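Novice: Okay, here's the structure, questions in a sec.
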Amino acid sequence: TNNKTWSGRFNEPVSELVKQYTGSIGFDQRLARWDIQGSLVHAQMLHEAGVLSAQDLADIQRGMAEIQAEIDSGSLQWSLDLEDVHMNIERRLTDKIGDAGKRLHTGRSRNDQVATDIRLWLRDEIAVIRTLIQDVQAALLDLAEANAATVMPGFTHLQVAQPVSFGHHLLAYVEMLGRDSERMADCRRRTNRMPLGAAALAGTTFPIRRERTAELLGFEQICQNSLDAVSDRDFAVEFTAAASLIMVHLSRLSEELILWMSPRFGFIDIADRFCTGSSIMPQKKNPDVPELVRGKSGRVIGHLTGLIMLMKSQPLAYNKDNQEDKEPLFDTVDTLIDTLRIYADMMRGITVKPEAMRAAVLQGFATATDLADYLVKKGLPFRDSHEAVAQAVRHAEQAGCGLEDLPLDVLQGFSALIDNDVYQVLTPEGSLNARNHLGGTAPEQVKFQVARWRGLLEKQ
Ligand code: ARG
């Protein structure tokens with residue numbers, strides 16, 4: 001005999017291959033807790049609406065508590081014959097409590113049930129993700145504070161551009177992650193809406209009380225159209241897009257960590273526990289963790305593409321295509337959570353090498369813009385001063401020294417406006433300190449931003 005709850009109208013059971021092809025129990029088990037939560041509230045609402053007896057409700061509550069315990073202990077046997085998590089749990093309930101278990105599905109469909117489960121699950125995961133983002137931010141803030149006055153070359157086109165504070169550089173990522181956290185919070189608002197009550201697609205003839213169900217499940221809003229409720233997965237696409245951006249931000253930071261750790265830069269060291277050696281080259285210490293973060297960002301972006309493709313041609317309302325929402329969504333959450341966890345820890349294991357950073361600044365004529373600004377302040381038009389400094393850089397390059405190594409009379413050869421006070425301007429520290437405005441790289445501003453962010457994180 002066929003195990004399916006819908007087998008009455010069929011003459012033959014599905015083939016083994018079809019069973020495997022259409023079944024989702026292999027991956028949707030993880031929704032079990034939220035499936036039970038939704039069922040318990042649905043049952044309670046049905047009882048309050050006079051559809052389900054007090055005895056049935058009590059039996060359902062007892063049966064579900066047992067099932068949850070079986071799931072927690074790992075003793076529940078999931079069956080592919082029962083297709084998905086919803087039918088597995090319902091069958092187990094019916095085995096335990098009889099007819100009351102069969103009445104649970106009154107006024108409900110798996111279509112609104114699964115849409116509700118995913119939203120309940122995802123809203124919880126978003127809360128976890130936001131906490132983890134904040135932890136990465138906290139780790140970056142500690143490192144930024146300790147390096148408020150550490151000079152490093154800032155790059156454009158990966159060519160030395162101007163000196164920046166290493167702390168300021170790290171704070172750029174704190175800003176990105178701050179917007180990521182906002183995006184997640186915003187996405188959670190649209191995720192936290194209740195499809196339950198939409199039934200298969202058209203609603204139900206039973207006197208359901210959706211406001212009550214939503215209140216008990218903690219949904220902020222109720223999906224206002226039954227067709228929309230069961231069929232759209234835009235919240236999942238939105239979530240995966242927000243997750244992709246987080247991964248992209250961390251991928252960019254990873255790329256920098258990898259460069260900075262390369263002996264050609266030698267700006268930082270990453271703690272051994274995040275690196276691996278080579279099986280052939282004894283000297284190697286490879287930054288595997290940041291490399292994998294960079295690689296896994298592609299995986300998450302792939303899930304975004306997959307999910308949005310999944311939606312593009314589906315007619316209303318529910319189609320089985322939607323079952324394909326789960327694996328990309330689950331893998332996105334898993335990858336993101338693992339990445340954020342490991343990242344916070346990794347940032348706390350970074351050793352900074354300020355001498356190497358400073359040496360790189362001095363090699364790159366990074367204070368040339370400061371010299372140009374200096375001449376402008378003495379009255380030279382910017383374009384003329386740009387030209388004078390370019391000549392000075394060319395001269396220093398040929399002489400194999402930095403601008404700050406050129407004697408005063410040589411510098412004066414490029415502009416008579418240059419005076420002894422020029423040497424303060426030519427130091428990396430002077431360059432940093434001179435950019436003392438909101439959003440600038442001066443150590444004072446870095447400390448201000450660290451304090452501002454700590455205050456913001458405390459409030460969240
Ligand atoms: N396992 C299905 C899913 O993940 C549940 C909903 C199935 N509904 C249906 N009518 N086949 O989407």
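The values are calculated or read from the model by the stated rules, or taken from the named source; none is laboratory data. Quick caveat: nothing in here was measured; it's all calculated off a predicted structure. Cβ sites come from the backbone with ideal geometry, for glycine too, and all protein chains shown count toward neighbours. The protein model used for the area step is the full one, side chains on, heavy atoms only, and it has no ligands, DNA or RNA in it. Shrake-Rupley method; radii C 1.70, N 1.55, O 1.52, S 1.80 Å.
Novice: Is it fair to say residue 121 is hydrophobic (A, V, I, L, M, F, W, C), in a loop (DSSP other than H, G, I, E, B) and within 16 Å of the ligand (Cβ to nearest atom)?
Specialist: no
Novice: Looking at the stretch 7-56 only, could you name the residues that are closer than 25 Å to residue 321 by Cβ, away from the ligand (no atom under 16 Å from the Cβ) and among the acidic types (Asp, Glu)?
Specialist: 12, 16
Novice: May I pose another question? Can you confirm whether the stretch 90-100 contains a residue that is within 14 Å of the ligand (Cβ to nearest atom), in contact with a His (Cβ under 9 Å, 6 or more places away or on another chain), open to solvent by less than 60 Å² (accessible area, probe 1.4 Å) and in a helix (DSSP H, G or I)?
Specialist: Scanning the stretch 90-100 turns up at least one residue that is within 14 Å of the ligand (Cβ to nearest atom), in contact with a His (Cβ under 9 Å, 6 or more places away or on another chain), open to solvent by less than 60 Å² (accessible area, probe 1.4 Å) and in a helix (DSSP H, G or I).
Novice: Also: Does the stretch 101-122 hold any residues that are over 10 Å from residue 199 (Cα atoms) and open to solvent by less than 20 Å² (accessible area, probe 1.4 Å), and which are they?
Specialist: 101, 104, 114, 115, 116, 117, 118, 119, 120, 121, 122
Novice: May I pose another question? Looking only at the stretch 34-60, which residues are surrounded by fewer than 16 Cβ atoms within 10 Å (Cβ to Cβ) and in a helix (DSSP H, G or I)?
Specialist: Selection gives 48, 54, 55, 58.
Novice: In the stretch 445-455, what count of residues is obtained for those that are in contact (Cβ under 8 Å) with a residue 12 or more places away in the chain and open to solvent by 60 Å² or more (accessible area, probe 1.4 Å)?
Specialist: The number of residues fulfilling the criteria is 2.
Novice: Within the stretch 280-293, can one find any residue that is aliphatic (A, V, I, L, M) and outside any helix (DSSP H, G or I)? It would help to see each step written out before you state the result.
Specialist: Start the filter on the stretch 280-293 by keeping residues that are aliphatic (A, V, I, L, M), which leaves 280-281, 289, 292-293.
Filter once more, so that each one left must be outside any helix (DSSP H, G or I): 280-281.
Yes, that holds for at least one residue.
Novice: Kindly evaluate residue 361 against the criterion of being crowded, with 18+ Cβ neighbours inside 10 Å, more than 16 Å from the ligand (Cβ to nearest atom) and farther than 30 Å from residue 113 by Cα. Before the answer, list the steps.
Specialist: Working: crowded, with 18+ Cβ neighbours inside 10 Å: yes; more than 16 Å from the ligand (Cβ to nearest atom): yes; farther than 30 Å from residue 113 by Cα: yes.
Yes: the conditions hold for residue 361.
Novice: Here is a follow-up. Do you know which residues across the stretch 7-33 are part of a loop (DSSP other than H, G, I, E, B) and exposed (fewer than 11 other Cβ atoms within 10 Å of the Cβ)? Working first, answer last.
Specialist: Step one: filter the stretch 7-33 for residues part of a loop (DSSP other than H, G, I, E, B), giving 10-15, 23-24.
Of everything in the stretch 7-33, those that are part of a loop (DSSP other than H, G, I, E, B) and exposed (fewer than 11 other Cβ atoms within 10 Å of the Cβ) turn out to be 10, 11, 12, 15.
Novice: Could you list, in sequence order, the residues of the stretch 186-213 that are open to solvent by 60 Å² or more (accessible area, probe 1.4 Å) and of a type in the set (S, T, N, Q)?
Specialist: Matches in the stretch 186-213: 205 only.
Novice: Here's a follow-up. Do the conditions hold for residue 340, that is, is it of a type outside the set (Phe, Trp, Tyr), closer than 25 Å to residue 120 by Cβ, open to solvent by less than 10 Å² (accessible area, probe 1.4 Å) and within 16 Å of the ligand (Cβ to nearest atom)?
Specialist: It is false that residue 340 is of a type outside the set (Phe, Trp, Tyr), closer than 25 Å to residue 120 by Cβ, open to solvent by less than 10 Å² (accessible area, probe 1.4 Å) and within 16 Å of the ligand (Cβ to nearest atom).
Novice: Let me ask another. Given the conditions (1) in a loop (DSSP other than H, G, I, E, B); (2) closer than 30 Å to residue 235 by Cα, and given that residue 365 satisfies all but one, which numbered condition is not satisfied?
Specialist: (2)
Novice: I need the full set of residues from the stretch 244-278 which are open to solvent by 20 Å² or more (accessible area, probe 1.4 Å), touching a Ser or Thr at 6+ places or on another chain (Cβ under 7 Å) and hydrophobic (A, V, I, L, M, F, W, C), in order please.
Specialist: Once the filter is applied, which keeps residues that are open to solvent by 20 Å² or more (accessible area, probe 1.4 Å), touching a Ser or Thr at 6+ places or on another chain (Cβ under 7 Å) and hydrophobic (A, V, I, L, M, F, W, C), the stretch 244-278 yields only 248.
Novice: Step by step: first the residues of the stretch 214-228, then only those that are in contact with a helix residue (DSSP H, G or I) (Cβ under 6 Å, 6 or more places away or on another chain) and in a helix (DSSP H, G or I), then the one that is most open to solvent (accessible area, probe 1.4 Å). Which residue is that? First the steps, then the outcome.
Specialist: Step one: of the stretch 214-228, the residues in contact with a helix residue (DSSP H, G or I) (Cβ under 6 Å, 6 or more places away or on another chain) are 216-217, 222-223.
Going one step further and asking which of them are in a helix (DSSP H, G or I), we end up with 216-217.
On the way: 216: 62, 217: 5 Å².
This residue is 216.
Novice: Within the stretch 400-417, take every residue that is assigned to a helix (DSSP H, G or I) and modelled with pLDDT of 95 or more and give me the one that is most open to solvent (accessible area, probe 1.4 Å).
Specialist: Only one residue fits best here, namely 409.
Novice: Continuing with this model, one more query. Which one is nearest to the ligand (Cβ to nearest atom) among residues in the stretch 70-88 that are part of a helix (DSSP H, G or I) and over 16 Å from residue 326 (Cβ atoms)?
Specialist: Ranking the qualifying residues of the stretch 70-88, first place goes to 82.
Novice: Now for a different question. Just to be sure I understand, how many residues within the stretch 394-439 are without any contact (Cβ under 8 Å) to a residue 60 or more places away in the chain and more than 15 Å from residue 363 (Cα to Cα)?
Specialist: Of the residues in the stretch 394-439, 25 are without any contact (Cβ under 8 Å) to a residue 60 or more places away in the chain and more than 15 Å from residue 363 (Cα to Cα).
Novice: Filtering the stretch 279-334 down to residues that are within 16 Å of the ligand (Cβ to nearest atom), more than 25 Å from the chain's Cα centre (by Cα) and not charged (D, E, K, R), which residue is most open to solvent (accessible area, probe 1.4 Å)?
Specialist: Going through the qualifying residues, I end up with 316.
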